[in-house]
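**Q** Please read through the structure below; I'll follow up with questions.
The values are calculated or read from the model by the stated rules, or taken from the named source; none is laboratory data. Predicted model only: the values in this text are computed from it and were never measured. FYI the Cβ positions are ideal-geometry reconstructions off the backbone, even for glycines, and counts take in every protein chain you see. Calculation scope for accessible area: heavy atoms of the full protein, side chains included, ligands and nucleic acids excluded. Shrake-Rupley method; radii C 1.70, N 1.55, O 1.52, S 1.80 Å.
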Amino acid sequence: LEQGLRTPLSLKSTVYISPDVPTIDQAYSKNSDSITVEFAQVSGATSYILRAESKTGDFFFETPAAQSPGTVVGLQPYTDYTLSVMSVNSGGRSQPSYPIEARTVVVAPKMNTSSPSNDSILVTWHPVEHAIRYTLIMIREGSSTRLIVNTTDTWVTFDNLDPGISYCIKGMAWDAEGRIGDDLTVCQITRPHSPDVTQVLLTPGRSLGIAVYWMTVQGANSYLVLASNGQSCNTSDSYCFISPQECGQNHSVTVTAYNDAGPSSPSHCCSVPLTDPCPPENIWVEEPTAGNCSVVWEEVPLVEYYVAFIKRDDGTEKSCNTTKTTCQFFCMCGYTYLTSVFPYNQAGTSLFADVRNYTTIPCCPQDVTVNLVSTETLEVMWSPVKGAELYETTAAQTNSVLHCNDTSPVCALSDLTCNSLYSVTVTPCSELRGCNHTCTPHRQETAPCAPEILNMTQTTNSTYKVLISTPNSPNTNYTISATGRYDRHTCQSRNNSCELTQLPCGTIYEVTAVASTAVGKSLPGYSKTLETGPCCPSTVNVTQVTQAMTNLTWSPATGASSYLATLMSPRGEAKCHTLDTHCLMGCITCGTNYSVQLDAISSTGHKSQCQYRGFSSSACCPTGVKLYRRTNNSLRVYWRSSSPQAYNHTVELYGTGANYTCFAAAGSMYCDIQEGTCGDVYTVVVAPVGKSGEKVTFCLPRTYSVPCPGSNAGMGEYNLSE
């Protein structure tokens, strides 16, 4: 053990010692959210930690501090806290110092400012909790002079300030311990001073206006110019124009300056120069007696006198100067007068004046002519007369009066009664004075009435009797016309009937009736169509195409638009309706006699039945045609006849090596042919021969193969269509 104590240690170690506990000198609050702590610094400490705890125990906060003093932030206003300090070095932190209590100060008042007038500022705020009084410090912009106000109220008014100047106000609150709290600064500009108007002028031109000029004021951002008639303009300049201005006005204007604080007081009213007078709104002419006229108008304000101008449409002009609202002048019938009134005052006269037209009662036209231009229309013409704006033309009859109103010196009185005498009067009128009803009438008769075709009856093949109405006076001539495409037929009568003769077949006529008197002709009555039956075709041909079909052709027929062809026999009939001049007809029975009938039909349905010589259909082709080989190297063709009558038959064989023909007498049903070569293929045609010797050409051929004797192949028929 003793030896071990004398042996030096081989390991070295470092010992760290925490610093001493610091001592707090004082703690105070200058802001509502912080407390500053001053403490004595200790040797060996590299930094410090400030600790703050609420007395209620719901708040604990530590913050580092490099040296004394240190500040704890994030605190609540007017709240008590317990504070302590710990020193820190590499050995750790010391024990907390002896605690000290401190309270934060109150917050600053939140001020609201306004400028009620151009020399005052009103400051208001809500009460600050725990504050017992307030201090406000105001500084004018550009000045270092301060105005300090202490108050226990929550509002302060600063008076006797300069207009349009910005003032900054700092507000602070005091608590019960006499400590001043946070401060808050707001700035407020006062309202601007009222502008001084320097000049008000009327601006000339097509649109009258007002030009207003004024002196700018301190702190104004914009200006509002308001006229007493409600018009205004807004600008940032020192002048403004208000337009348009009405005539006959005498009003004033004011100018108000504006800035962020609000408007100034309006400037003193300035009168606007008197404007030109307005023209009278209503001007009219009175004529109590013929030729004695007066132009009259409504009174206009701000007028000293009037000048009235009366100008006649022939260039004659008269004027009158008066302070009254009427002016007399002599007026003649048939003339138009243009009247205008100009009022005057110190500013001058109105820029324009309304012109009123006045027309005296028009004179009667002297050269009236009445002409019959159609059966029920009278054309009335005359020369224009002065002052007439409208002409009323009447055609008076016993029980009715027909009117025609027009502005032109011509009128057509239409829709009159035919075959009647009218009394025609032209009456000139004007809208203001009415019509002149003293004009002389003129007489004119209208044309006769149009007759009506009542009935048309055919009396012979080419003669038709026409019955008509007779709506006119006696001794009226009636002409009936039948107009076709290529010809025209007429007849005349003074009674209710007339005969049209020599009308050809297949023709369509438009039949009309016209009445005539010494005055003129009537309109043609409503036409009626007279259609003679279509003509029969001159030729008809019948050609048989197949055993069951026949082609019927015919020549065109005048007046026919379609045809109905009919072939009739005791066994039945065949019909064909066509627009053409030919028809292919089926269902024909062979070996039958047919009668031929052709109906020619017009486009309106008129029909002519035409009979022609009949014809006989061809003999029927035989059936069951067979080809047999006989022992004597001959061939026999066998058939069955389907015709009710007996016919001769011709048999034709066409082979690759030779052709054969044989004839069979009527009643025979086979024919033998001596074969020249064997082993051939034959086409067999069996056809009846008519009584006149013509052979039926549309019987179907049949094809057979004929083997040589001793061959194993049998005789067979090729499968060919018939």
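**Q** Report, by residue number, each residue of segment 478-495 that is farther than 24 Å from P534 by Cα, open to solvent by 60 Å² or more (accessible area, probe 1.4 Å) and polar (S, T, N, Q). If you could, list the steps in order and put the result at the bottom.
**A** Initially, segment 478-495 is screened for residues farther than 24 Å from P534 by Cα, giving 478-479, 492-495.
So of that shortlist, the ones also open to solvent by 60 Å² or more (accessible area, probe 1.4 Å) come out as 492, 494-495.
Correct list: Q492, N495.
**Q** Spot the failing condition for T529; the list is (1) open to solvent by 40 Å² or more (accessible area, probe 1.4 Å); (2) among the hydroxyl-bearing types (S, T, Y); (3) without any contact (Cβ under 8 Å) to a residue 60 or more places away in the chain; (4) in a strand (DSSP E or B), and only one is missed.
**A** It fails just one condition, (3).
**Q** Is it the case that S90 is modelled with pLDDT under 90 and either hydroxyl-bearing (S, T, Y) or within 30 Å of T216 (Cα to Cα) (or both)?
**A** Numbers: modelled with pLDDT under 90: yes; either hydroxyl-bearing (S, T, Y) or within 30 Å of T216 (Cα to Cα) (or both): yes.
Spelling it out, S90 is indeed modelled with pLDDT under 90 and either hydroxyl-bearing (S, T, Y) or within 30 Å of T216 (Cα to Cα) (or both).
**Q** Further question: With Y213, Y223, Y239 as the choices, which residue is among the aromatic types (F, W, Y), at pLDDT 85 or above and over 50 Å from the mean Cα position of the chain (by Cα)?
**A** Numbers: Y223 fails: over 50 Å from the mean Cα position of the chain (by Cα); Y239 fails: over 50 Å from the mean Cα position of the chain (by Cα).
Just one listed residue meets the conditions, Y213.
**Q** Considering every residue within segment 90-112, establish whether at least one is outside any loop (DSSP other than H, G, I, E, B), among the hydrophobic types (A, V, I, L, M, F, W, C), in contact with a Leu (Cβ under 8 Å, 6 or more places away or on another chain) and open to solvent by 40 Å² or more (accessible area, probe 1.4 Å).
**A** Of segment 90-112, the ones outside any loop (DSSP other than H, G, I, E, B) are 92-93, 100-103, 111-112.
Remaining after also requiring among the hydrophobic types (A, V, I, L, M, F, W, C): 100, 102, 111.
Okay, now just the ones that are also in contact with a Leu (Cβ under 8 Å, 6 or more places away or on another chain), so 100, 102, 111.
Adding the requirement that they be open to solvent by 40 Å² or more (accessible area, probe 1.4 Å) leaves 100.
Yes, segment 90-112 contains at least one residue that is outside any loop (DSSP other than H, G, I, E, B), among the hydrophobic types (A, V, I, L, M, F, W, C), in contact with a Leu (Cβ under 8 Å, 6 or more places away or on another chain) and open to solvent by 40 Å² or more (accessible area, probe 1.4 Å).
Quick grid of which residues meet (1) within 52 Å of the chain's Cα centre (by Cα); (2) aromatic (F, W, Y):
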| site | (1), (2) |
| --- | --- |
| S481 | no, no |
| Y486 | no, yes |
| N496 | no, no |
| E499 | no, no |
| T507 | no, no |
| S522 | yes, no |
| L530 | no, no |
| S538 | no, no |
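**Q** Considering every residue within segment 364-382, establish whether at least one is without any contact (Cβ under 8 Å) to a residue 60 or more places away in the chain and within 26 Å of E286 (Cβ to Cβ).
**A** Looking for residues that are without any contact (Cβ under 8 Å) to a residue 60 or more places away in the chain and within 26 Å of E286 (Cβ to Cβ), one finds none in segment 364-382, hence no.
Here's the yes/no breakdown for (1) open to solvent by less than 30 Å² (accessible area, probe 1.4 Å); (2) over 18 Å from S94 (Cα atoms); (3) at pLDDT below 90:
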{"site": "I17", "(1), (2), (3)": "no, no, yes"}
{"site": "A27", "(1), (2), (3)": "yes, yes, no"}
{"site": "K30", "(1), (2), (3)": "no, yes, no"}
{"site": "T36", "(1), (2), (3)": "yes, yes, no"}
{"site": "A45", "(1), (2), (3)": "yes, no, no"}
{"site": "L50", "(1), (2), (3)": "yes, no, no"}
{"site": "K55", "(1), (2), (3)": "no, yes, yes"}
{"site": "D58", "(1), (2), (3)": "no, yes, yes"}
{"site": "F61", "(1), (2), (3)": "no, no, no"}
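**Q** Also, I was wondering about something else. Output the number of residues of segment 540-581 satisfying the condition of being open to solvent by 70 Å² or more (accessible area, probe 1.4 Å), of a type outside the set (A, V, I, L, M, F, W, C) and more than 27 Å from R488 (Cβ to Cβ).
**A** So the count comes out to 8.
**Q** Sticking with this one: Of all residues in segment 595-612, which are open to solvent by 10 Å² or more (accessible area, probe 1.4 Å) and out of contact with any Lys or Arg (no Cβ under 8 Å at 6 or more places or on another chain)?
**A** Here is the first cut: in segment 595-612, the residues open to solvent by 10 Å² or more (accessible area, probe 1.4 Å) are 595, 597, 601, 603-609, 611-612.
Those that are open to solvent by 10 Å² or more (accessible area, probe 1.4 Å) and out of contact with any Lys or Arg (no Cβ under 8 Å at 6 or more places or on another chain): S595, Q597, S603, T604, G605, H606, K607, S608, Q609, Q611, Y612.
**Q** Working only within segment 288-302, note down all residues that are modelled with pLDDT under 85 and open to solvent by 20 Å² or more (accessible area, probe 1.4 Å).
**A** T289, A290, P301, L302
**Q** Give the number of residues within segment 116-126 that are assigned to a loop (DSSP other than H, G, I, E, B) and farther than 30 Å from R179 by Cβ. Even if it seems obvious, please write down each step before you answer.
**A** Kept after step one, since they are assigned to a loop (DSSP other than H, G, I, E, B), are these residues of segment 116-126: 118-119, 126.
Now drop any that are not farther than 30 Å from R179 by Cβ, which leaves 118-119.
Within segment 116-126, residues that are assigned to a loop (DSSP other than H, G, I, E, B) and farther than 30 Å from R179 by Cβ number 2.
**Q** Could you list, in sequence order, the residues of segment 262-272 that are open to solvent by 30 Å² or more (accessible area, probe 1.4 Å) and touching a His at 6+ places or on another chain (Cβ under 9 Å)?
**A** Residues satisfying the conditions are S265, S271.
**Q** Please work out which residue is nearest to T546 (Cα to Cα), limiting yourself to segment 582-594 and to residues that are open to solvent by 20 Å² or more (accessible area, probe 1.4 Å) and among the polar types (S, T, N, Q).
**A** T589
**Q** Tell me the strands (runs of 3 or more DSSP E) entirely within segment 472-525 that contain at least 1 residues that are closer than 28 Å to L378 by Cα.
**A** Working: elements: 477-483, 488-493, 497-500, 508-516.
Those strands (runs of 3 or more DSSP E) span 477-483, 488-493, 508-516.
**Q** Continuing with the same structure: Just the residues that are open to solvent by 40 Å² or more (accessible area, probe 1.4 Å), among the hydrophobic types (A, V, I, L, M, F, W, C) and part of a loop (DSSP other than H, G, I, E, B), please, taken from segment 127-160.
**A** I132
**Q** Only one residue in V197, V225, V253, V217 is touching a residue at least 60 places away in the same chain (Cβ under 8 Å) and hydrophobic (A, V, I, L, M, F, W, C). Which one? Before you say what the answer is, go through the steps one by one.
**A** Details: V225 fails: touching a residue at least 60 places away in the same chain (Cβ under 8 Å); V253 fails: touching a residue at least 60 places away in the same chain (Cβ under 8 Å); V217 fails: touching a residue at least 60 places away in the same chain (Cβ under 8 Å).
From the options V197, V225, V253, V217, the qualifying one is V197.
**Q** On the given criteria, is S243 small (G, A, S) and farther than 25 Å from G164 by Cβ?
**A** On the way: small (G, A, S): yes; farther than 25 Å from G164 by Cβ: yes.
Here the answer is yes, as S243 does meet what is asked.
**Q** Taking the stated definitions as given, is A45 within 28 Å of C168 (Cβ to Cβ), outside any strand (DSSP E or B) and touching an Asp or Glu at 6+ places or on another chain (Cβ under 9 Å)?
**A** Values: within 28 Å of C168 (Cβ to Cβ): no; outside any strand (DSSP E or B): yes; touching an Asp or Glu at 6+ places or on another chain (Cβ under 9 Å): yes.
Taking the combined requirement at face value, the residue does not satisfy it.
**Q** On to the next question. From (1) on the phi > 0 side of the Ramachandran plot; (2) free of Cβ contacts under 8 Å to residues at least 40 places away in the same chain, pick out the condition that doesn't hold for C320.
**A** The single condition C320 does not satisfy is (1).
**Q** List the strands (runs of 3 or more DSSP E) inside segment 544-591, counting only whole elements, that have at least 2 residues being under 60 Å from the mean Cα position of the chain (by Cα). Write out each step before concluding.
**A** On the way: elements: 549-554, 562-569, 572-578, 582-585.
Strands (runs of 3 or more DSSP E) meeting the threshold: 562-569, 572-578, 582-585.
This table checks each residue for (1) within 22 Å of N472 (Cβ to Cβ); (2) touching a Ser or Thr at 6+ places or on another chain (Cβ under 9 Å); (3) buried (at least 18 other Cβ atoms within 10 Å of the Cβ).
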{"position": "Y358", "(1), (2), (3)": "no, yes, yes"}
{"position": "P362", "(1), (2), (3)": "no, yes, yes"}
{"position": "A388", "(1), (2), (3)": "no, yes, yes"}
{"position": "Q397", "(1), (2), (3)": "yes, yes, no"}
{"position": "V424", "(1), (2), (3)": "yes, yes, yes"}
{"position": "N455", "(1), (2), (3)": "yes, no, no"}
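**Q** Now, a different point. Kindly indicate which of N229, N250, N259, N282 is closer than 30 Å to V385 by Cα, of a type in the set (S, T, N, Q) and either under 50 Å from the mean Cα position of the chain (by Cα) or surrounded by 17 or more Cβ atoms within 10 Å (Cβ to Cβ) (or both). Steps first, answer last, please.
**A** Numbers: N229 fails: closer than 30 Å to V385 by Cα; N250 fails: closer than 30 Å to V385 by Cα; N259 fails: closer than 30 Å to V385 by Cα.
Answer to the check: N282.
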